[in-house]
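A short worksheet on the structure shown next.
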Amino acid sequence: MELKSEKFENIFSGKNHLLSIYITAGYPKLNDTVPTLIALEKCGIDFVEIGMPYSDPMADGTTIQQSSEKAIKNGMTLKILFAQLTEARKHVSIPFVYMGYLNQLMQFGLEKFCIECNKAEIDALIIPDLPMDVYEKEYKELFDRYKLGLSFLISPQSGEKRIKQADRLSFPFIYQVSSNSITGAKSEIKDSQKDYFKRIDKMNLDKPKMIGFGISNRETYNQAIERAQGAIIGSAFIKAVTEPGILEENIERFVKTIR
Amino acid sequence: MSYAVDEKGFYGEFGGAFIPEMLYPNVEELRTKYLEISSQPEFIKEFNDLLRYYVGRPTPLYFAKNLSLKYNTKIYLKREDLNHTGAHKVNNTIGQILLAERMGKKRIIAETGAGQHGVATATVCALKGLQCIVYMGEVDIARQAPNVARMKMLGAEVRPAKSGSKTLKDATNEAIRDWIGNPEDTFYIIGSVVGPHPYPDMVARFQSVISEEIKKQLQDQIGREYPEYLLACVGGGSNAAGTFYHYLDDLRVQLFMAEAAGHGVDTDKSAATSILGTSGIIHGSRTLLMQTEDGQIIEPHSISAGLDYPGIGPLHAHLLKMGRAKSFPITDKEAVDASFMLSRIEGIIPALESAHALSILEKYTFSKDEVVVINLSGRGDKDLDTYMQYLDKY
């Protein structure tokens, strides 16, 4: 089945490079999810990656781990997340991409998860520990039925065959991990990373690429978008909303430092 | 029916490799090479030689006369506690270090809970002159000081895991994160039959020397190569996997696993995964694990740091689901009872982990002529601090 999303088609067909922000749901305070989403749309963010906090986030660095621990302590659950997103949808129209680990979906119930995603108008999913072959065999049919696309990750170590498989299976975009690394803000993009960005860009993949992990400021963002349709910032944003002060002001100040 | 792993790395519905793409090349490299390399004659020769001359294998299969009299059955103890470094863990680290060496890896990482696997890894790294980094939860570092000192003396760097509950599961997360960041020169030596495929199968194969020896030793001692029962404790499950391995398809043999019930399975301080766990994913493997309704992994409790793990190997989850193995929850107190009992009647101080397996003798009545083999997976030296607190009670 061919997945379609008008929202994503519109943003990816525009001329501008995209900026996406990763948020940890329920952080810094449990009820900050909705105001965060409203503020991000107001600041002109193109879409939001909404991270469901997990006790054992294998691919995440210290910043996202700590924000996740705090959010879980705050009482964050999938049920609350879906309620928050349904509420947010009254005010926010940019696409929502759900990011979470597979175990949480299994416990919640896969079909129930899909139904709730539809209700909250979640547009796509990132499940970093769901391998492509298992997805194709066991999950794709169900997710397709609820029109939920998955964005798969590629890394500098991914072989050409893997990258093409990710290109074929991903919707709406390919998540290009910027280095051999877990998530976490880095201040610069190395030459070897630039070579990798160029190598992938020259493959002329069908799906748009969003570069993430280690994108933290205007400089790294600008370097990423030279070779991709956009970039995703996570840890640096989490740090910004951890600062004391008014949430909306912290968000606006941070986004202005990027573009 | 066969209980072997299938080519995708599954034991029935359990197992697999649920890992982020950044780990895929590392795990795939290992998957395509582990069988090929470990079946080469020169590998087998070095593995066997090291087990014999360095580790001290074969370990004795000891007919425990006093214990047999007490429980009115025929009890044999497989003395893995007599291995170099004090437990079965070294069988696996020898195998994996030989693999690492042949794959050209220069940097070794490992996770450890009680420190036994960390010590066994530091030992083989010293032997092979390879850099060794052991991740250990900050909480465990504080409560297992002697093993931390042993690792350091062997030249390893012990890195504290400060995330989550700061224990074994978090040390494992940290080791995985390290591997993501160092995909080319680093080999991750996992200490149990857990983690993504091929680890559960690979570790079980290296530990299977235990059941291979039991077969020969029983043949020599009782004239038949199988017992009626095999008993072993299960945290992740590596010593049980090694004890059961050559008997998995032999239905004459019943497989009993002792799990750590902690304060009891009806309390919130337990590690009895087969009773309290549900199907999910932990450390890249689909298996039984202890978790909240919302899929957050729960920190377990056991007096024995080696059984203090919220999951169980996928092979064991499958054996339980198919009814091939039976699980016995053993409380902290019952395990300490068994430790003192064995010490006093056989002159052997067992590790707290192994004491859980001994406790099954109190829970199940074996017949007089039946043969029961118990894997005494480790020695009790590392647990003396705990045992000292109970000296006046026994």
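The values are calculated or read from the model by the stated rules, or taken from the named source; none is laboratory data. Here the structure is a predicted model, which is why all the values come from computation and not from measurement. Don't worry about glycine lacking a Cβ; one is built from the backbone with ideal geometry, like all the others, and counts go over all protein chains shown. Quick note on the areas: whole protein, heavy atoms, side chains included, nothing else; ligands and nucleic acids left out. Shrake-Rupley method; radii C 1.70, N 1.55, O 1.52, S 1.80 Å.
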> Listed here are the pairs A:140/A:161; B:105/B:216; B:45/B:215; which of them are more than 27 Å apart at the Cα?
Replying inline: B:105/B:216
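Excluding residue B:182 itself, calculate the net charge of residues whose Cβ lies under 11 Å from the Cβ of residue B:182, where each Lys or Arg counts +1 and each Asp or Glu counts -1. Display every interim value, and only then the final one.
Working: positive: B:105, B:106, B:107, B:177; negative: B:178, B:184, B:185.
Residues close to residue B:182 contribute a combined charge of +1.
How large is the accessible surface per residue of segment A:6-258, computed with a 1.4 Å probe and reported in Å² as a whole number?
Details: 10190 Å² over 253 residues.
Normalised by residue count, the accessible surface of segment A:6-258 is 40 Å².
Take every DSSP beta bridge whose two residues both sit in the protein assembly as shown, then give the antiparallel share in percent to the nearest 5. It would help to have the intermediate numbers written out before the result.
Details: 15 of 77 bridges.
Close to 20 percent.
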> Along the charge dipole of segment A:6-258, Cβ charges K/R +1 and D/E -1, which of A:126, A:165, A:240 sits furthest on the positive end?
Replying inline: A:165
> Pick from B:89, B:363, B:169: which is most flexible by mean-square fluctuation in a GNM of chain B where alpha carbon atoms under 10 Å apart are linked?
Replying inline: B:363
>> Only protein chains counted, 1.4 angstrom probe. Which residues of segment B:266-306 are at least 50 Å² less accessible in the assembly than when their chain is isolated?
In response: B:281, B:286, B:294, B:296
>> So for segment A:6-258, averaging the separation of alpha carbon pairs under 8 Å that are six or more residues apart and normalising by length, what relative contact order in percent results?
In response: 21
>> Need the C-alpha centroid separation for segment B:96-157 versus segment B:355-369, integer Å.
In response: 34
>> Threshold 10 Å², probe 1.4 Å: give the residues of segment B:144-190, in number order, that are less accessible with all protein chains present than with their chain alone.
In response: B:163, B:164, B:169, B:173, B:176, B:177, B:180, B:181, B:183, B:184
> Protein chains only, probe 1.4 Å: how do B:263, B:117 rank by accessible area, largest first?
Replying inline: B:263, B:117
> If you find the alpha carbon centre of segment B:22-54 and of segment B:205-262, how far apart are they in angstrom?
Replying inline: 23
> Among the GluC sites (Glu not before Pro) within segment B:153-249, which fall in a DSSP loop and have no more than 13 other Cβ atoms within 10 Å of their own Cβ?
Replying inline: B:184
> Which of A:18, A:40, A:110 moves the most in a Gaussian network model of chain A with Cα springs under 10 Å?
Replying inline: A:110
> Anyone know which of B:378, B:242, B:223 comes out most mobile in the 10 Å Cα GNM of chain B?
Replying inline: B:223
> Leaving out ligands, DNA and RNA, what percent of the accessible area of chain B is carbon and sulfur, probe 1.4 Å?
Replying inline: 52
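Taking the Cβ of residue B:379 as the center, what net charge do the other residues with Cβ under 10 Å away carry, scoring Lys and Arg +1 and Asp and Glu -1? Could the numbers behind the result be given before it?
Working: positive: B:79, B:382; negative: B:80, B:81, B:381, B:383.
That works out to -2.
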> For segment A:6-258, which whole-number percentage of the solvent-accessible area (1.4 Å probe, protein heavy atoms only) is attributable to carbon and sulfur atoms?
Replying inline: 49
>> Rounded to the nearest 20 debye, what is the charge dipole size of segment A:6-258 about its Cα centre when +1 sits on each Lys and Arg Cβ and -1 on each Asp and Glu Cβ?
In response: 260
>> If you consider only alpha-carbon coordinates, what radius of gyration and Dmax does chain A have, in Å?
In response: 16.9, 48
> Just going by the charge dipole of chain B, with Lys and Arg at +1 and Asp and Glu at -1 on Cβ, which of B:230, B:167, B:27 is farthest out on the positive end?
Replying inline: B:230
>> If you average the alpha carbon positions of segment A:187-259 and of segment A:1-35, how far apart do those two centres end up, in angstrom?
In response: 14
>> Positive end of the dipole of segment B:278-391, charges at C-beta (+1 Lys, Arg; -1 Asp, Glu), about the Cα centre: which of B:288, B:310, B:345 has its Cα farthest in that direction?
In response: B:288
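When Cβ neighbours within 10 Å are restricted to other protein chains, what is their mean count per residue of peptide A:94-106? Don't skip to the answer; put the middle values down first.
Numbers: counts 0, 0, 0, 0, 0, 0, 1, 5, 5, 12, 7, 3, 7.
What the average comes to for A:94-106 is 3.
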> Ballpark to the nearest 100 Å², how much total accessible area do A and B bury together, probe 1.4 Å?
Replying inline: 2900
>> If the rule is a partner Cβ under 4.7 Å, which cysteines in the protein assembly as shown fail it?
In response: A:43, A:114, A:117, B:233
> Peptide B:20-33: average number of partner chain Cβ atoms within 10 Å per residue?
Replying inline: 5
>> Under the rule of at least 5 residues apart or a separate chain, name every residue whose amide H is placed under 5 Å from the amide H of residue A:211.
In response: A:176, A:230, A:231, A:232
